[in-house]
């Protein structure tokens with residue numbers, strides 16, 4: 001295995017009190033093509049900007065070849081960047097854009113003077129060498145003879161190539177690419193993907209690529225780093241990430257997938273959609289799990305010939321295959337197949353053991369740190385909720401002045417008592433109107449799990465999350481409020 | 001049809017109101033009569049001759065041009081540095097400085113003039129060329145800032161970062177990337193500064209020493225003090241020359257802008 005060229009140790013970046021990058025650990029090996037993949041705002045670009053040196057981490061350190069470069073400014077790092085909107089210098093022509101870095105470079109030359117002493121001189125690169133390097137870089141990006149052109153007259157694709165040439169001409173140890181193909185049209189993007197991969201092979205340097213396009217990441221990378229919410233979700237090869245997603249975010253973000261709730265029913269057996277399937281993963285008996293099955297891994301056979309019977313409720317022609325929705329009980333399953341089944345047809349499905357991927361459930365219950373307020377309510381996650389405080393002390397009751405009387409007659413004022421609060425995922429009610437609930441927040445994620453949606457609502461100040469299982473579809477970034485019935489709130493005294 | 005006639009009549013009326021006085025002035029600059037209105041004898045260039053022989057007028061012209069160029073140069077350098085500093089500071093600091101630089105633009109010039117005069121007196125700073133120069137820099141500086149700032153805002157912030165990324169130190173990146181990028185703003189700031197300084201009367205009159213005159217103070221004072229001053233008619237010739245210079249430069253600027261647009265579109 002090659003050496004680690006860059007290493008991030010416990011790196012965090014905080015903007016306005018929000019951790020955009022939250023304590024990440026990551027290393028990248030020399031010569032790798034690594035892609036940071038995630039939805040917008042997941043911290044991937046900030047991570048790249050910290051590697052480039054445009055942003056300084058608020059904590060943690062960045063090592064380059066084992067040396068700490070956290071405080072080193074960008075112009076002293078052997079790293080070059082290809083920017084999303086190219087960032088070519090409009091007042092310079094193609095040649096001067098590409099030669100910009102070379103003209104600034106000083107090369108260490110050692111001479112011997114008359115007395116045989118060694119003299120070290122830092123010298124500019126000669127015009128001739130610069131000319132050669134520029135034309136070589138232009139050849140690399142297939143834009144020979146473009147030296148004298150004004151960059152503003154070039155097309156988007158050509159500008160992108162010039163931006164790449166301008167970066168690689170400096171022979172950096174690492175090339176950073178920040179969504180470089182985002183502004184190109186689909187056909188051009190696909191061509192450039194292959195060209196970049198080819199270029200990576202030829203140059204042999206490390207590429208760190210940032211994108212939100214999962215297909216692009218799967219096509220190009222040696223290693224994919226999936227990020228969400230400032231945290232690394234999974235690191236692996238494209239195959240690993242696709243076939244063995246670590247959690248439902250990765251499964252949902254990479255490719256299409258069916259995520260369903262299941263229970264381990266025995267040795268290499270899992271029960272979901274009302275049937276016990278054989279599978280290959282090892283899990284503890286009775287454990288609640290998430291089951292992931294890719295739409296192309298499900299086979300449709302005639303009724304009663306497969307493992308589970310159900311009905312086709314929709315079918316869409318997608319070119320190479322049909323995308324059909326299969327309904328069993330209340331669960332909808334997406335299936336891709338080249339043979340079409342009619343809508344309404346009763347069919348059966350087969351899933352092979354190796355195509356069933358099991359993930360530990362990420363969220364089993366919502367838990368918070370809270371405290372009891374003056375009027376015997378519980379405050380947590382920026383809100384006040386009605387609750388039954390007598391549950392804190394078995395056999396207790398409230399007197400007429402709202403003081404708590406314990407089983408052995410002790411009178412307690414509960415105000416400001418710290419408590420642990422737990423709320424089941426399916427007992428949280430989401431309300432459209434921000435004012436109507438006990439607390440409010442923004443929906444930051446929605447994942448479809450066969451027969452329900454798992455919605456995560458985050459409060460604005462304390463950033464507490466409510467994970468909610470609901471049948472209703474909400475929209476990401478909606479501002480909603482949250483209501484919980486008193487009997488669904490479990491309270492526990494905190495041990496001091 | 002009637003609408004068309006009305007439209008063009010209106011247009012021509014406005015143009016006549018705007019330009020008739022200037023045309024009249026130019027016509028009378030070729031006539032030596034002491035008053036506009038009474039045409040004396042024939043067309044001649046005597047006023048122009050007087051303009052280039054009268055020492056006082058020549059001195060005033062020299063002072064004006066030198067003052068305009070030097071104060072504008074200083075204001076442009078300071079204004080550009082100020083705008084860059086403001087742009088890269090925190091949003092709160094930016095807002096404070098932005099407001100501070102906007103106030104002199106809306107403030108009545110007489111207030112600025114009197115306050116500058118007061119400061120000079122308070123600090124026992126004698127009225128010299130230096131006080132005049134400082135006053136003109138104060139007058140024009142905010143205009144340079146307001147013409148440079150939008151260019152900074154338009155600039156892709158990645159450009160400066162790309163410079164750093166390619167190995168330029170912050171200072172090097174500032175001079176090789178930021179300044180060339182915002183140079184149209186700097187140039188227009190410089191031009192605005194020159195035009196403001198050239199025809200300023202109020203601030204100049206309050207801060208100049210009695211021995212120095214610019215064209216505007218000379219003209220005002222000459223008319224006010226002594227209508228029999230023989231060199232007054234020469235100011236007509238001066239005005240005509242200034243007008244000609246302005247027309248030529250406006251036309252030249254427009255033509256070159258058109259040419260640039262055509263070049264861009266041609267490609």
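General remarks:
- Tally of residues being surrounded by fewer than 20 Cβ atoms within 10 Å (Cβ to Cβ) and either touching a residue at least 12 places away in the same chain (Cβ under 8 Å) or within 14 Å of chain B (Cβ to nearest Cβ) (or both) across segment A:144-155: 8
- Filter result for residue A:462 (closer than 21 Å to residue A:258 by Cα, out of contact with any strand residue (DSSP E or B) (no Cβ under 6 Å at 6 or more places or on another chain) and outside the structural domain of residue A:332 (by TED's automatic domain parsing)): no
- When A:322, A:363 are checked against the criterion of being surrounded by 13 or more Cβ atoms within 10 Å (Cβ to Cβ) and modelled with pLDDT of 90 or more, a single residue qualifies: A:322.
- Odd one out for residue A:116, checked against (1) within 39 Å of the chain's Cα centre (by Cα); (2) free of Cβ contacts under 8 Å to residues at least 60 places away in the same chain: (1)
- For segment A:237-268, a residue qualifies if it is in contact with a helix residue (DSSP H, G or I) (Cβ under 9 Å, 6 or more places away or on another chain), part of a strand (DSSP E or B) and over 13 Å from residue A:360 (Cα atoms), and exactly one does: A:258.
- Taking the listed residues A:107, A:11, A:21, A:34, the one that is without any contact (Cβ under 8 Å) to a residue 60 or more places away in the chain and within 26 Å of the chain's Cα centre (by Cα) is A:11, with no other qualifying.
- Residue match in segment B:134-157 (condition: farther than 30 Å from residue A:52 by Cβ and surrounded by fewer than 16 Cβ atoms within 10 Å (Cβ to Cβ)): no
- Subset of segment B:160-182 (residues that are in a helix (DSSP H, G or I), at the interface with chain A (Cβ under 7 Å from one of its Cβ atoms) and either crowded, with 22+ Cβ neighbours inside 10 Å or in contact (Cβ under 8 Å) with a residue 40 or more places away in the chain (or both)): B:162, B:164, B:165, B:177
Okay, residues lined up against (1) buried (at least 20 other Cβ atoms within 10 Å of the Cβ); (2) touching a helix residue (DSSP H, G or I) at 6+ places or on another chain (Cβ under 9 Å):
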{"residue": "A:17", "(1), (2)": "no, no"}
{"residue": "A:25", "(1), (2)": "no, no"}
{"residue": "A:52", "(1), (2)": "yes, yes"}
{"residue": "A:55", "(1), (2)": "no, yes"}
{"residue": "A:72", "(1), (2)": "no, no"}
{"residue": "A:86", "(1), (2)": "yes, yes"}
{"residue": "A:118", "(1), (2)": "no, no"}
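Results for (1) in contact with a strand residue (DSSP E or B) (Cβ under 6 Å, 6 or more places away or on another chain); (2) in the same structural domain as residue A:292 (by TED's automatic domain parsing); (3) part of a strand (DSSP E or B), shown as yes or no for each residue.
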residue	(1), (2), (3)
A:305	yes, yes, no
A:310	yes, yes, yes
A:320	no, yes, no
A:325	yes, yes, yes
A:340	yes, yes, no
A:343	yes, yes, no
A:350	yes, yes, yes
A:374	no, no, no
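- Within segment A:88-109, the set of residues being part of a strand (DSSP E or B) and either buried (at least 17 other Cβ atoms within 10 Å of the Cβ) or more than 10 Å from chain B (Cβ to nearest Cβ) (or both) comprises A:93, A:107, A:108, A:109.
- Number of residues in segment A:387-412 that are under 44 Å from the mean Cα position of the chain (by Cα) and either part of a helix (DSSP H, G or I) or closer than 17 Å to residue A:375 by Cβ (or both): the value is 6.
- Here residue A:353 fulfils each of the conditions (1) closer than 30 Å to residue A:429 by Cβ; (2) surrounded by fewer than 16 Cβ atoms within 10 Å (Cβ to Cβ) apart from (1).
- Test: residue in segment A:269-278 that is within 27 Å of the chain's Cα centre (by Cα), surrounded by 15 or more Cβ atoms within 10 Å (Cβ to Cβ), assigned to a loop (DSSP other than H, G, I, E, B) and not assigned by TED's automatic domain parsing to the domain that holds residue A:455: no
- Condition broken by residue B:120, with the remaining ones in (1) without any contact (Cβ under 8 Å) to a residue 60 or more places away in the chain; (2) more than 14 Å from every other protein chain (Cβ to nearest Cβ); (3) in a helix (DSSP H, G or I) satisfied: (1)
- Evaluation of residue A:68 against (1) loosely packed, with under 15 Cβ neighbours inside 10 Å; (2) more than 28 Å from residue A:221 (Cβ to Cβ) (one fails), failing number: (2)
- Filter result (more than 28 Å from the chain's Cα centre (by Cα) and touching a residue at least 40 places away in the same chain (Cβ under 8 Å)) within segment A:356-379: A:370, A:371, A:372, A:373, A:374, A:378
- Residues of segment B:183-195 that are surrounded by 21 or more Cβ atoms within 10 Å (Cβ to Cβ) and more than 14 Å from chain A (Cβ to nearest Cβ): B:189, B:190, B:193.
- Consider segment B:193-228 and keep the residues that are touching a residue at least 40 places away in the same chain (Cβ under 8 Å) and not in a helix (DSSP H, G or I). The one that is farthest from residue B:127 (Cα to Cα) is B:200.
- Looking across segment A:57-79 at every residue that is closer than 22 Å to residue A:179 by Cβ and out of contact with any strand residue (DSSP E or B) (no Cβ under 6 Å at 6 or more places or on another chain), the one that is farthest from the other protein chains (Cβ to nearest Cβ) is identified as A:77.
Let's see how each residue does on (1) touching a residue at least 24 places away in the same chain (Cβ under 8 Å); (2) within 25 Å of the chain's Cα centre (by Cα):
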| residue | (1), (2) |
| --- | --- |
| B:26 | yes, yes |
| B:61 | yes, yes |
| B:68 | yes, yes |
| B:71 | yes, yes |
| B:84 | yes, yes |
| B:95 | no, no |
| B:99 | no, yes |
| B:109 | yes, yes |
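- Of the strands (runs of 3 or more DSSP E) that lie entirely inside segment A:441-496, those containing 3 or more residues that are surrounded by 15 or more Cβ atoms within 10 Å (Cβ to Cβ) and without any contact (Cβ under 8 Å) to a residue 24 or more places away in the chain span A:453-458.
- Flag for residue A:134 being within 14 Å of chain B (Cβ to nearest Cβ), over 19 Å from residue A:83 (Cβ atoms) and buried (at least 20 other Cβ atoms within 10 Å of the Cβ): yes
- Among all positions in segment A:156-169, there is no residue which is part of a loop (DSSP other than H, G, I, E, B), within 29 Å of residue A:62 (Cα to Cα), under 26 Å from the mean Cα position of the chain (by Cα) and within 14 Å of chain B (Cβ to nearest Cβ).
- So residue A:47, is it part of a strand (DSSP E or B), crowded, with 19+ Cβ neighbours inside 10 Å and more than 14 Å from chain B (Cβ to nearest Cβ): no
The values are calculated or read from the model by the stated rules, or taken from the named source; none is laboratory data. Note that the structure is predicted; figures quoted are calculated from it, not measured. Virtual Cβ from ideal backbone geometry, glycine too; neighbours counted across all protein chains shown.
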